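Student: After the structure tokens below, expect a handful of questions from me.
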Amino acid sequence: MLMPIVSVMFLGLFLGVILGYAAKVFAVEGDALVGEIQGMMPGTNCGQCSFPGCAGAAVAIVKGEAAPDCCPGGGKALAEAIAAKLGVSLDLSALADAGPKAATVDETICIGCARCYKVCPTDAIMGAAKQIHSVLQDACTACGNCTEQCPTGAIGMQPIPVTLDNWNWPKPVLA
């Protein structure tokens, strides 16, 4: 009984050393700026920017194929931070930032078709087929994929109510 355990242990150790060595030899270094911009993004991979996830959007922004304000989930704050990181000027007057939103389900007209939770990139929608669905507001990124799929219009985007957990002191208005 002891011999098979020891042989599997040594086999795992030997293969682990080989894989570790191969990872060092064949390592591919990526662009550090792309990694920094990807770290600044929300990381939900919602697809609102029409790129394949936040990594694809970060690559496009660094290459100049996309504007720093292409991420709707990040809003004005993210666009300003990315523009400052890249050293480019950005006009944000046309960018509307209505504040954080989350999807809500009107339970009176939800038919439980289960189309909404199949397209949610963050699994923020709970429910099952032929059951009323609900949304975890902490996980919702307000990407809007669920509102497009809902056949009854039961899902809508609502502003997140201000509570003590998410309230911020407003900045003073300069006259």
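Student: Percent relative contact order of the chain, based on C-alpha pairs within less than 8 angstrom and at least six residues apart?
Tutor: About 16 percent, as a whole number.
Student: So, one more: Which helices pass in the chain if a helix is a full DSSP H run, must span at least 30 angstrom along its long axis by Cα, and must have mean Kyte-Doolittle hydropathy not below -0.5?
Tutor: Length and hydropathy pass: 2-25.
Student: Something else now. Which far-off residues, 5 or more places away or on another chain, put their amide H under 5 Å from the one on Ala124, with H placed in the peptide plane?
Tutor: none
Student: With contacts defined as alpha carbon pairs under 8 Å and 6 or more residues apart, what's the relative contact order of the range 65-111 in percent?
Tutor: Dividing the mean separation by the residue count of the range 65-111 yields 26 percent.
Student: Another question, if that's okay. Give the long-range amide H neighbours of Lys101: residues separated by 5 or more places, or on another chain, with amide H under 5 Å away, using H modelled in the peptide plane at 1.01 Å from N.
Tutor: When sequence neighbours closer than 5 places are left aside, the close amide H contacts are Ile160.
Student: Sum -39500 (n - 2.57) across every DSSP H segment of at least 4 residues in the chain, then divide by the residue count to get the 222 nm mean residue ellipticity, nearest 500.
Tutor: Roughly -11000 deg cm²/dmol at 222 nm, from the helical runs in the chain.
Student: Within the chain, how many Lys pairs sit with Cα atoms under 30 Å apart, leaving out pairs fewer than 8 places apart on the same chain?
Tutor: 13
Student: Per-residue HN-Hα couplings for the range 154-161, Karplus 6.51 cos²θ - 1.76 cosθ + 1.60 at θ = phi - 60°, whole Hz, x for Gly and Pro?
Tutor: Here the 3J(HN,Hα) series is 6, 9, x, 9, 10, x, 6, x Hz.
Student: Arrange the following residues from fewest to most other Cβ atoms within 10 Å of their Cβ: Ile5, Ile37, Ile109, Ile132.
Tutor: Ile5, Ile109, Ile132, Ile37
Student: With 10 Å bins from zero, work out the P(r) of the range 13-140 over every alpha carbon pair and list the percent per bin.
Tutor: Once binned at 10 Å, the Cα pair distances of the range 13-140 give 11, 30, 24, 20, 12, 3, 0.
Student: Quick one: 3J(HN,Hα) in Hz for the range 119-126, Karplus 6.51/-1.76/1.60 with θ = phi - 60°, rounded, Gly and Pro as x.
Tutor: For the range 119-126, the Karplus-derived couplings read 9, 6, x, 10, 6, 8, 9, 10 Hz, x marking Gly and Pro.
Student: To continue, here is another question. So what's the range 32-86 giving for Cα Rg divided by 2.2 N^0.38 Å, two decimals?
Tutor: Taking the Cα Rg and dividing by 2.2 N^0.38 Å, one obtains 0.93.
Student: Next question, about the same structure. Using the eigenvalues of the Cα gyration tensor, what equivalent ellipsoid semi-axes result for the range 73-156 when each is taken as the square root of five times the eigenvalue, whole Å, largest first?
Tutor: 33, 12, 9
Student: Kindly state, to the nearest 0.05, the FRET efficiency for Trp167 paired with Thr108, given R0 = 30 Å and r defined as their beta-carbon distance.
Tutor: 0.50
Student: I've got another one for you. Once label points are set 7 Å from the Cα along Cα→Cβ at both Ile160 and Ala94, what is their separation, rounded to one decimal in nm?
Tutor: According to this spin-label approximation, the distance is 2.8 nm.
Student: Could you check which residue among Leu136, Leu15, Leu33 shows the biggest mean-square fluctuation in a GNM of the chain with a 10 Å Cα cutoff?
Tutor: Answer for the Gaussian network model of the chain: Leu15.
Any read-out appearing in this document is the output of simple, stated calculations on the displayed coordinates, not a laboratory observation. Given the structure is predicted, the values throughout are model-derived calculations rather than measurements. For neighbour counting, all protein chains shown are included, and Cβ atoms are generated from backbone atoms with ideal geometry for every residue, glycine included.
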